Number of protein chains: 2
Amino acid sequence: MSASALLSVTQPAPAIAPARRPSFREQQFAAREQAILTAVNRLLATKGYDLMTMDEVAGEVGIAKPSLYKHFVSKEQLAAVAMEKLLDRMLDVISAQPLTQAPIDSLKQVLRWALKAHLDGSMPLLPSTRSSLRAALVNHAPYFERLVKMTEAMGTWIEAAKADGSVSGTLPSEVVMYTLFARACDPTLEFLRETGQYTDEQIVELMVTTCFGGLASR
Amino acid sequence: MSASALLSVTQPAPAIAPARRPSFREQQFAAREQAILTAVNRLLATKGYDLMTMDEVAGEVGIAKPSLYKHFVSKEQLAAVAMEKLLDRMLDVISAQPLTQAPIDSLKQVLRWALKAHLDGSMPLLPSTRSSLRAALVNHAPYFERLVKMTEAMGTWIEAAKADGSVSGTLPSEVVMYTLFARACDPTLEFLRETGQYTDEQIVELMVTTCFGGLASR
DNA sequence: GTCTATATTGGGATAGAC
DNA sequence: GTCTATCCCAATATAGAC
């Protein structure tokens, strides 16, 4: 499969055009759902799945808790959909990288985006082995599809970067991939922010530098 | 303060010698407490604080739940003491490094130890900003003392390694320190283990290599 | 569809017998 | 000090009125 095919990640148009435009009620419903997902995103980023409660979500949105269950059947599904939307945003960033760009720079740009999202509180934790959310995610097909798509795109760049000598050829590609994924939820970010000594931009660049350059002198 | 002073981290002997040796009952009590801490350590490493239940701890040790509360007043304190013991083990490793060793090698050895402990299930998560355990830890003086001691020892090595040119002089020491701490709870470890393609030793070396050498070619 | 009020479960902590 | 049985609160999920 070619790199360009892997990088065309925009969603296909719906097969059937809607017969009429959504009613006011439907628009309101959709807007509320979006507000819920925004709140969930923020809460997942700040507290994580296990510590996030449905009461908090409802309170943040300004609706009653039972209303949440009209939109999402469970807390697990709610979080899974929020993660799905996150991957959509990440796939948008991936497909926005120019094909002429050096693959290592594409990798760095995606990492920068993820780190910025983490710092501004819009990056839910990636699912660690420990989270009770993890099992729900792999069983949520829309999430899994996007994860595969993202993994393929990143894998293509990694292979290309190894081929052009910019990424170490001695490291297995999986190690490179997982190392990049893990940086998006690296607690170093929050530790550095807490010192109050660096701007968000400086923190992002310090993370990118240590990730690609390592701690040792060159 | 000199490096050797910072590195003498062994505990001072008790000021008052015990008048008699512990009774059988006391020995039994101490052994049970040790068994509890071992179980907690394992559970913190596999599930994390929030997902660990007191029922599980009791079940693992083979005692009733109320007995736990004869040893520790709360789940928070139980975890805090387990973390305190973990730092003791880490301080032992730190003080075991020969003073003649290059400081970067001491840093690598401590990192290797932490990674191995993580892989064999005896490394509780370092407290992320999100964990509800975190507040309890900083208020637990014995933990905090050890944390300060460890930080000072690592800081001394980092400064020395920057001075001898083995660690990048352009990176702030805090960035180096937090980066090393974060590697001990890096999910990359578990991702790599799950592939089943590497031995634990290979995983440790891959992590040390990417941490100090980075992803980019040299 | 949204709310108030409630069922239900899981889990931290404790009372009281032995 | 250890157990059985229990309390109690928090949090997911739902029943039922409007």
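Can you tell me which residue is least open to solvent (accessible area, probe 1.4 Å) among those in segment A:31-51 that are within 14 Å of chain B (Cβ to nearest Cβ) and without any contact (Cβ under 8 Å) to a residue 12 or more places away in the chain? Quick ask: steps written out before the conclusion?
Of segment A:31-51, the ones within 14 Å of chain B (Cβ to nearest Cβ) are A:42-51.
If we keep only those that are without any contact (Cβ under 8 Å) to a residue 12 or more places away in the chain too, we end up with A:47, A:51.
On the way: A:47: 66, A:51: 46 Å².
Only one residue tops the list, namely A:51.
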Could you tell me which numbered condition residue B:146 fails, if it satisfies all but one of (1) in contact with a helix residue (DSSP H, G or I) (Cβ under 8 Å, 6 or more places away or on another chain); (2) within 12 Å of another protein chain (Cβ to nearest Cβ); (3) charged (D, E, K, R); (4) open to solvent by 20 Å² or more (accessible area, probe 1.4 Å)?
(2)
Residues (open to solvent by 20 Å² or more (accessible area, probe 1.4 Å) and closer than 23 Å to residue B:32 by Cβ) located in segment B:85-119
B:85, B:88, B:89
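Considering each residue of segment A:44-76, count those that are outside any loop (DSSP other than H, G, I, E, B) and either among the acidic types (Asp, Glu) or within 16 Å of DNA strand C (Cβ to nearest atom) (or both), and give that number.
If we filter segment A:44-76 for residues that are outside any loop (DSSP other than H, G, I, E, B), which is where we start, we get A:44-46, A:54-61, A:65-71, A:75-76.
Among the residues that remain, those that are also either among the acidic types (Asp, Glu) or within 16 Å of DNA strand C (Cβ to nearest atom) (or both) are: A:54-61, A:65-71, A:75-76.
Count: 17.
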Considering every residue within segment B:130-139, establish whether at least one is more than 8 Å from every other protein chain (Cβ to nearest Cβ) and under 20 Å from residue B:110 (Cα atoms).
no
Considering residues that are farther than 20 Å from residue B:30 by Cα and within 14 Å of DNA strand D (Cβ to nearest atom), the number found within segment B:46-96 is 4
For residue B:98, work out the one condition from (1) in a loop (DSSP other than H, G, I, E, B); (2) farther than 20 Å from residue A:130 by Cα; (3) within 16 Å of DNA strand C (Cβ to nearest atom) it doesn't fulfil.
(3)
Pull up segment A:187-202, narrow it to residues that are in contact (Cβ under 8 Å) with a residue 60 or more places away in the chain and either within 19 Å of the chain's Cα centre (by Cα) or over 17 Å from residue A:45 (Cβ atoms) (or both), then point me to the one that is farthest from the other protein chains (Cβ to nearest Cβ).
A:200
Report the residue count in segment B:156-186 for those that are within 16 Å of the chain's Cα centre (by Cα) and either assigned to a helix (DSSP H, G or I) or facing chain A (nearest Cβ under 9 Å) (or both).
9
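The values are calculated or read from the model by the stated rules, or taken from the named source; none is laboratory data. Nothing here was measured: the structure is a model prediction, and the numbers come from that model. No Cβ is skipped: glycine too gets one built from the backbone with ideal geometry, and neighbour counts run over all protein chains shown. Quick note on the areas: whole protein, heavy atoms, side chains included, nothing else; ligands and nucleic acids left out. Shrake-Rupley method; radii C 1.70, N 1.55, O 1.52, S 1.80 Å.
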